[in-house]
Amino acid sequence: MTRILYLSMSREKYSPNYFPFLRSYLDEIKSADTTVELRGTRVGRIDSFRFFETLDWISILDSVLEAELEGYDAVAIGNILDPALREARSMVDIPVLGLGETSMLTSCMMGSTFSLVGVNPYFGGRFEENVAKYGLRERLASIECMGLTPHELDACFSDPDQRGKAIASFEEAARASLAKGAEVVIPAGGRLTAFLNAHGIREVDGAPLVDGTVSLLAATEAAVRIRRQTGTFVSRRRLYARAPEASIAAAGGEYSEAYRLPALGRLADATHPTEQEQ
C-alpha cells in the first residue's frame, strides 16, 4: 500500500468547484494500492501574488514534515509554481514532487517544444524563473495568458456562460503558442487542468495537452517505487543538503514556535538527544 499526500495551494472554502472535482479525479487515476489525501493550505486565499503565496509555504512545509512523521510514502505539491518544493526536499527523505517540474519534464517526452498557458499575467515571470531553474529554456516555445484569476476560473465550472468564454480564451491562447512553435501545451495550473478535463478538452489542433494531475500522481507513485527499490531518492550532496540533526534539535523548537510549525517541533523533539544519550 502506498500513501500519498497531495497538497493544493488553495482551500476548499475558496475553491468550491475545483476541490470536489480534484478529489474525485485523484481517486479515479490513482493505482489500486494507493491512497491519496488531498489537503489545502491554512489560508490559500490570494494565490496570484508572490508575497501571500510565500506565506502559504509555511503551511506546505509543515504538511510535508508531518507527512513523513505520519508514515506517508511521498508528497505531491499540486501547484504549477512548485511552491516550497526545493525547501521541502531538503528536509525529508520521502519523495516530494511538484506539478510544474513534473508537467514540464513530461512534455519533453511528448514533443520537442512546449508552451505554458496560464490563467493570469502575474504568473508569467515565475514560470520563466522555473523553466530556467529546470534547465528547459531551449524547450520552451512561449508563455501565454488567458486573463483570468484562479478564483474566476473556479466559478466557470458551474457557470455555463462563463464556461464557454473560458474555453474559448484557453483555445485562443493555446493556438497562439502553436503559432510560436509549441508542439505540446501545458495548461499551467491545477484548476485549469481540472476545468479542461471536466469538459473533455485534451488537445488543440493536434497538439496534446499535458494532464499535469495525472503526470504528477503517476510520477509520485513511480518515485515511491524507486525509493523502495534503491533505498533513497533525493541527493544530499549540494542543493538538497539536509540540516544536521544537531541543528534541528537545537533550533527546531524555536522555529516551530515562532512560525507555527508544529511538525517541525515534533521533528526537533525526535532528534533531540535524551539525557541518557548525553
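Just one of the numbered conditions (1) surrounded by 14 or more Cβ atoms within 10 Å (Cβ to Cβ); (2) farther than 23 Å from G111 by Cβ; (3) among the hydrophobic types (A, V, I, L, M, F, W, C) is not true of A141; which one? Among (1) surrounded by 14 or more Cβ atoms within 10 Å (Cβ to Cβ); (2) farther than 23 Å from G111 by Cβ; (3) among the hydrophobic types (A, V, I, L, M, F, W, C), the lone unmet condition for A141 is (2). Set side by side, the residues D73, D93, D82, D62 differ, and just one is in contact with a strand residue (DSSP E or B) (Cβ under 7 Å, 6 or more places away or on another chain) and over 21 Å from T193 (Cβ atoms), which is D73. Selection of region 193-222 for residues being in contact with a Lys or Arg (Cβ under 8 Å, 6 or more places away or on another chain) and without any contact (Cβ under 8 Å) to a residue 40 or more places away in the chain yields L196, H199, V204, D205, L209, D211.
If only residues of region 203-223 that are of a type in the set (G, A, S) and in a helix (DSSP H, G or I) are counted, the one that is surrounded by the fewest Cβ atoms within 10 Å (Cβ to Cβ) is A222. Output the number of residues of region 173-202 satisfying the condition of being over 15 Å from V119 (Cβ atoms) and not in a helix (DSSP H, G or I). Residues in region 173-202 being over 15 Å from V119 (Cβ atoms) and not in a helix (DSSP H, G or I): 8 in total.
Whenever a residue of region 169-192 is hydrophobic (A, V, I, L, M, F, W, C), its partners that are assigned to a helix (DSSP H, G or I) and surrounded by fewer than 17 Cβ atoms within 10 Å (Cβ to Cβ), lying with C-beta atoms within less than 7 angstrom and at least six residues away or across chains, give the pairs V184/M110. Going by what's in this entry, would S59 be described as modelled with pLDDT under 95, polar (S, T, N, Q) and outside the structural domain of S177 (by TED's automatic domain parsing)? Answer is yes for this residue. Each residue in region 76-103 was checked for being of a type outside the set (G, A, S) and in contact with a Phe, Trp or Tyr (Cβ under 8 Å, 6 or more places away or on another chain), and 10 of them qualify.
Entry remark, region 240-265: residues being surrounded by 13 or more Cβ atoms within 10 Å (Cβ to Cβ), among the aromatic types (F, W, Y) and more than 15 Å from D93 (Cβ to Cβ) number 1 in total.
The values are calculated or read from the model by the stated rules, or taken from the named source; none is laboratory data. For clarity, every value in this text was computed on a predicted model and none was experimentally measured. Cβ sites come from the backbone with ideal geometry, for glycine too, and all protein chains shown count toward neighbours.
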